Every structure is written in structure tokens, then in C-alpha cells.
Amino acid sequence: MTTLLVIAKEPRPGHVKTRLTPPFTPEEAAALAEASLADTLDAVAHTPARRRVLVLDGRPGPWLPDGFEVVPQCSGGLDERLAAAFAGCDGPALLIGMDTPQVTPELLTVDWSGCDAYFGPAEDGGFWALGLAEPDPSRLRGVPMSTPHTGAAQRARLSDLRVRDLPRLRDVDTGDDADLVARSAPGGRFAAALARLAPAAGR
């Protein structure tokens with residue numbers, strides 16, 4: 001069975017979702033980040049898994065549901081931090097971030113038969129999910145992160161594997177992203193938080 005990894009930052013003002021400021025204040029951006037993280041963790045909590053691991057920059061808060069192991073992120077660039085998350089696994093693992101609150105248990109329930117890797121591309125050119133049947137950290141080290149070509153570079157690292165592609169999703173990076181993601185998952189915490197905050201932000 002799969003280990004599900006979530007890599008995330010503690011939702012503190014000024015520490016997360018800085019590209020949402022403006023139109024939102026740092027406190028409002030942190031509230032949206034917390035709602036996004038809570039939706040993501042809820043989806044993971046309802047997905048069959050061998051282990052559920054939160055790889056966290058910061059400290060856990062009341063948004064953390066039961067059933068998760070919490071491990072600190074290592075130092076270094078994002079590629080090193082993702083690689084270290086996989087290095088802590090001893091079987092098939094699927095990693096996602098905290099920026100896709102529209103994710104569902106159905107998307108995260110993967111079948112490894114005849115498959116070595118899963119790849120979930122993001123609209124911004126990155127990726128929202130990466131799964132490895134054999135969690136080899138070298139598949140991530142050295143991949144340039146946070147560029148429009150990150151997804152293509154990471155996908156190329158999997159070229160010798162049997163890869164199944166997951167649906168393309170949108171990360172919440174900007175205010176426009178937030179609007180579109182909330183519309184795609186109107187029943188979630190993120191959509192509710194955005195509805196409360198958007199009038200104050202003049203959106």
C-alpha cells in the first residue's frame with residue numbers, strides 16, 4: 001500500500017502564500033493557506049494508505065487531523081527537501097503539496113500494478129503530485145524548482161520508467177488561481193475561507 005506524503009509550510013503570516021499579498025493581507029493569505037492545507041490533509045486522511053506523513057516546515061497546529069506522522073523538512077532547496085521526503089519511505093510513495101485543495105481521495109488512490117511512477121502536472125508548469133514505486137531521491141535532486149519548466153524537467157527524470165499521468169490541476173499561487181480553484185471545489189474549507197475574505201480584499 002502507498003505512503004502518502006504532504007510537503008507543507010506552517011500557515012503563518014508572512015511565511016506562506018506571499019504572492020497572494022496583495023490583494024490579501026499577510027494574515028488573510030495565511031488563513032487561505034491554512035484552509036488549503038486542511039482540505040488537502042482531509043483528502044489524504046480519507047485515502048487508503050500504508051502511512052500518512054506530513055513533511056512540515058514549522059510546527060503543527062489544530063488543522064492537523066489524527067493519523068499523520070509529522071517529520072521536519074530538511075534544509076536546502078526544494079529539490080533536496082522533496083528528495084529527503086522520499087528517502088524516508090521504504091515502499092511506494094505519492095507526494096503532494098498543500099496548494100491544491102481541490103484534490104480528492106479518488107485522485108490519490110493509485111494502483112502500482114504495471115506502473116513505476118505517477119506524475120501530476122500543474123497549470124503553472126510545475127507539478128502537484130509525484131509518485132515513485134521505488135522512492136529514489138536521485139529522481140528529484142538537481143531538478144530546477146519553481147520555474148515554468150519544472151514539470152517538464154521532473155517528468156524527464158522519469159523517462160526510463162512506466163509512468164501514469166494524473167489530471168492537470170491548478171496550484172493556488174495568485175488571487176486569480178484562488179478564485180478558479182475555489183470554483184472547482186465549492187464545498188471545501190478553502191472556498192469558504194475565500195468567500196469570507198474576498199469582499200474585504202476588494203475582489
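Residues considered: D171, D111. Of these, the only one that is modelled with pLDDT of 95 or more and over 16 Å from the mean Cα position of the chain (by Cα) is D111. Among the residues of the stretch 159-167, is there at least one that is within 19 Å of T47 (Cα to Cα), more than 17 Å from the chain's Cα centre (by Cα) and either at pLDDT 95 or above or among the hydroxyl-bearing types (S, T, Y) (or both)? Within the stretch 159-167 (the criterion being within 19 Å of T47 (Cα to Cα), more than 17 Å from the chain's Cα centre (by Cα) and either at pLDDT 95 or above or among the hydroxyl-bearing types (S, T, Y) (or both)), the answer is yes, since at least one residue qualifies. Out of all the residues in the stretch 47-58, is one or more at pLDDT 95 or above, surrounded by fewer than 17 Cβ atoms within 10 Å (Cβ to Cβ) and of a type in the set (D, E)? Looking for residues that are at pLDDT 95 or above, surrounded by fewer than 17 Cβ atoms within 10 Å (Cβ to Cβ) and of a type in the set (D, E), one finds at least one in the stretch 47-58, hence yes. Given the residues A122, A195, A200, A153, which is the only one that is modelled with pLDDT under 95, surrounded by fewer than 20 Cβ atoms within 10 Å (Cβ to Cβ) and more than 19 Å from P48 (Cβ to Cβ)? Unique residue meeting the criteria: A200. For the stretch 1-34, a residue qualifies if it is open to solvent by less than 10 Å² (accessible area, probe 1.4 Å), part of a helix (DSSP H, G or I) and among the small types (G, A, S), and the qualifying residues are A29, A30, A33.
The values are calculated or read from the model by the stated rules, or taken from the named source; none is laboratory data. Source: prediction; values computed, not measured. Positions of Cβ are generated from backbone atoms using ideal geometry, with glycine treated the same way; all protein chains shown enter the neighbour counts. Note: accessible area is taken over every heavy atom of the protein model, side chains too, but ligands, DNA and RNA are not part of it. Shrake-Rupley method; radii C 1.70, N 1.55, O 1.52, S 1.80 Å.
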